[in-house]
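Student: Just passing along the structure, written as structure tokens.
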Amino acid sequence: MPAKVKKSRTSRTADYILKLYITGATRRSQTAVTNLRSICSKYLEGRYDLEVVDIYQSPGRTQKDNIVAAPTLVRQLPLPARRLVGDLSKQGQVLLLLGLKPRRQTDE
């Protein structure tokens with residue numbers, strides 16, 4: 001069975017190159033994918049390239065890319081490269097990794 005690697009190319013000249021390493025179809029992995037896609041569509045529309053790598057399907061990539069836990073988000077561009085481990089549910093941490101500021105929400 002071929003490795004499951006999903007790519008989402010939203011532009012040919014992506015400002016952000018992201019890799020998300022997951023472990024199969026676990027709830028935590030699916031939550032990370034959903035959270036990241038939501039953040040990218042809100043803050044990076046048309047400016048990012050996202051590769052989702054299932055480390056069960058591509059175990060050699062973990063050693064090659066020095067991944068020790070999953071889910072792990074790796075921002076390859078813009079430099080410097082940065083990493084965040086977890087299900088990406090804390091939007092502020094993801095935005096910080098991406099070098100973005102959250103949009104202000106009005107108080108209710």
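Student: Of these, Pro59, Pro78, which one is without any contact (Cβ under 8 Å) to a residue 24 or more places away in the chain and either closer than 20 Å to Val33 by Cβ or surrounded by 12 or more Cβ atoms within 10 Å (Cβ to Cβ) (or both)? Quick ask: steps written out before the conclusion?
Tutor: Numbers: Pro78 fails: without any contact (Cβ under 8 Å) to a residue 24 or more places away in the chain.
When all the criteria are applied, what remains is Pro59.
Student: Now for a separate question. Please enumerate the residues belonging to region 27-61 that are among the β-branched types (Val, Ile, Thr), in a helix (DSSP H, G or I) and under 15 Å from Leu84 (Cβ atoms). Reasoning before the result, please.
Tutor: First, the residues of region 27-61 that are among the β-branched types (Val, Ile, Thr): 31, 33-34, 39, 52-53, 55.
Add one more test, that the residue is in a helix (DSSP H, G or I), and what stays is 31, 33-34, 39.
Of everything in region 27-61, those that are among the β-branched types (Val, Ile, Thr), in a helix (DSSP H, G or I) and under 15 Å from Leu84 (Cβ atoms) turn out to be Thr31, Val33, Ile39.
Listed here are the residues, each with its yes/no results for (1) at pLDDT 95 or above; (2) over 21 Å from Gly92 (Cβ atoms).
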residue: Val33; (1), (2): yes, no
residue: Ser38; (1), (2): yes, no
residue: Tyr48; (1), (2): yes, no
residue: Glu51; (1), (2): yes, yes
residue: Ser58; (1), (2): no, yes
residue: Lys64; (1), (2): no, yes
residue: Val68; (1), (2): no, yes
residue: Thr72; (1), (2): yes, no
residue: Arg75; (1), (2): yes, no
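Student: Do the conditions hold for Leu18, that is, is it surrounded by 13 or more Cβ atoms within 10 Å (Cβ to Cβ) and within 10 Å of the chain's Cα centre (by Cα)?
Tutor: Values: surrounded by 13 or more Cβ atoms within 10 Å (Cβ to Cβ): yes; within 10 Å of the chain's Cα centre (by Cα): yes.
So Leu18 passes the test.
The values are calculated or read from the model by the stated rules, or taken from the named source; none is laboratory data. None of the values given here were measured: they were computed from a predicted structure. Don't worry about glycine lacking a Cβ; one is built from the backbone with ideal geometry, like all the others, and counts go over all protein chains shown.
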